[in-house]
Structure formats: structure tokens, C-alpha cells
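Taking it in order: structure first as C-alpha cells, then the write-up.
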Amino acid sequence: MTKEQQYKYKGNRCSICGMTVQEMVSRYGTFSRMFELHHIDPDKKDSNYNNLIKQNLSAKQLDEIDKCILLCRVCHGVVHAQDVKINGEIKLSFNGREVSQKISGWLVIDQKKQSFQFLCEEKLLIEPYVDQVAKQSKGIIFGVDINDGNHLISQIKLLKNNESYKVWKAETNELMLQVTRRDQTLIFEIKIAFRFCELDGSGLPKGERYWYRNGIILYENGEVQTEGVLINHLDIDYLP
């Protein structure tokens, strides 16, 4: 996995100042030594990190990168110089239900602007969604309900032939996931950007391998896809 692919996977810009890799290249002709991956929790950093990060794309390598955010070297230095780590909890009340999420991260304080930024790599589990099985009543769910996959699996198992299970983003009504049953086959249509689905295509023939996680597809040839719809087929008997 090249640094270019790693940086695209992490947003291709500094999480603090917003400087993009493209801007750095257009200004200085290179991004080498100008961006770095910062571990939110240093204790979780793999002891073999320096070798792991240079290996070919794999699930293990992505697991490590998922522990990090992308920073330019200047902002990375500021983070460690200020060294402000915090633990907190965010809560949301929506449609008569309250959900919460504990988070950990770093603060970067800008005294001139009298502002601060919170740095965290975790998924936002309190985000609301709407789901529906076939023509049943729609329900309100949250990221925390679907993060481990159990809710999705339980709903998909309710499908009869030619029925669909759908998940929309509550705030925008944007369709994020549709699963349709065709006899014993499940057809998954996942909007790339939906962070609550993961697919590991490492078992495919060489040249076709890919990994989908955190709303991004990474291909073994170095390509990164952040838009569109990912379609995948699964035999219903493979559901746990």
C-alpha cells in the first residue's frame, strides 16, 4: 500500500489545517516527508508498525491505519507539543430516544482564533438512520444499532423472495444500503460513503482484489474509490 493510497484513504488532507496533498504537491512539488499518520491512542500502535505500514495492502494494515488520522508535519508537531488528550461523551436525543457515545482524542488549541479542534478517528455512532424491511413500517435506528452488523443481519433474514431491506440517512433521506433477495441470493447495493459495511475482497483473483471499509474502496492496484455504489452478491446461507 503506497503512501498516496494511505493518504487518500485518510481524506487526503491534514485533519487540522486542511492542507491537501494536492496543494502541497502544487506548491512544493512533493508530499514526501510533509504528511504523517498520527495514532489517536499511542498505546494501540502496533509494535511492528514501521514494517507493517510498508507492506502490501491487507486487512491488518488497514486495521492499523484506522487507528490514525492524517496530519501535515507542522500540525503533527503542534499536537505533540500541546499534548492535550481528553475523554468525553456525546449525546443525541432524536424521535424520543437518547443515544450516547464515549470518545477519546486530542485537542488542538488556537489561542489567536480562541478556538479548538477535537481530533478523533472513531465512527459517529449516534448518527440517525431510517430502515425498512419490504413494506413494513419504517423505523429509526442509529449507528450504534448497526455498527456490529447484528441488526442488519436480523432484518435481512426477514426478507422473502423479491423483497428489499433499505437504510436511509435520516437527515437527508439519502439511500445508503439496499439488500434485495433473489431466491437464495442477496444483492447488496451499498452507497460508497456508508461506513457501517465492510467487505474484504482479498480472496478474489489477483488483479481483482479490493477492501471496502469506512465508506471507501481500496484496490490492490493502488486505486481509491470514494463515490458510486458497490454491488455485491452473497448466498443467503452464508449469513451467520
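Set against the 2.2 N^0.38 Å expectation for a compact globular protein, the range 166-216 has a Cα radius of gyration ratio of 1.32.
Per residue of the chain, the DSSP helices (runs of n ≥ 4 H) give a summed -39500 (n - 2.57) that works out to -5000 deg cm²/dmol at 222 nm.
Once the chain from ASP46 to PHE94 is taken as fully extended at 0.36 nm per residue, the excess over their C-alpha distance is 13.5 nm. The Cα center of the range 174-193 and the Cα center of the range 69-131 differ in position by 31 Å.
Students often get this wrong, so check it: of LYS8/LYS91; LYS157/LYS191; LYS45/LYS85; LYS45/LYS113; LYS67/LYS166; LYS8/LYS112, which have C-alpha atoms separated by over 24 Å? Cα-Cα > 24 Å for LYS8/LYS91; LYS45/LYS113; LYS67/LYS166; LYS8/LYS112; rest within.
Each of HIS39, HIS233 was scored by other Cβ atoms within 10 Å of its Cβ. Listed from fewest to most, they are HIS233, HIS39. For the range 128-238, the extents of the C-alpha atoms along the principal axes are 43, 33, 22 Å, listed from largest to smallest. Which of these, PRO205, PRO42, PRO128, has the largest mean-square fluctuation under a Gaussian network model of the chain (Cα springs below 10 Å)? Greatest mean-square fluctuation among the candidates belongs to PRO205. Oblate is the label for the range 55-139. Its Cα gyration tensor axes, ordered a ≥ b ≥ c, give a/c of at least 1.5 and b/c at or above a/b.
Note on the chain: GNM, Cα springs under 10 Å; of HIS38, HIS76, HIS151, the largest mean-square fluctuation is that of HIS151.
Ranked for footprinting exposure by Cβ neighbours inside 10 Å, fewest first, LYS3, LYS113 give LYS113, LYS3. Spacing of the modelled spin labels on THR2 and ALA193, each 7 Å from Cα toward Cβ, amounts to 2.7 nm. Remark: ILE86, ILE40 ranked as ILE86, ILE40, counting other beta-carbon atoms within 10 Å and listing the fewest first. According to the square roots a ≥ b ≥ c of the eigenvalues of the Cα gyration tensor, what is the shape class of the range 3-82, taking rounded for a/c under 1.5, prolate for a/b larger than b/c otherwise, and oblate for the remainder? Verdict is oblate for the range 3-82.
Placing unit charges on each Cβ (+1 for Lys and Arg, -1 for Asp and Glu) gives the range 1-124 a dipole about its Cα centre, and among LEU62, TYR9, ASN87 the Cα reaching farthest toward its positive end belongs to TYR9.
Read-outs throughout are calculated quantities, based only on the coordinates presented, and are distinct from any laboratory measurement. Worth saying up front: this structure is predicted, and the values here are computed from it rather than measured. Neighbour counts run over all protein chains shown; Cβ positions are idealised from the backbone, glycine included.
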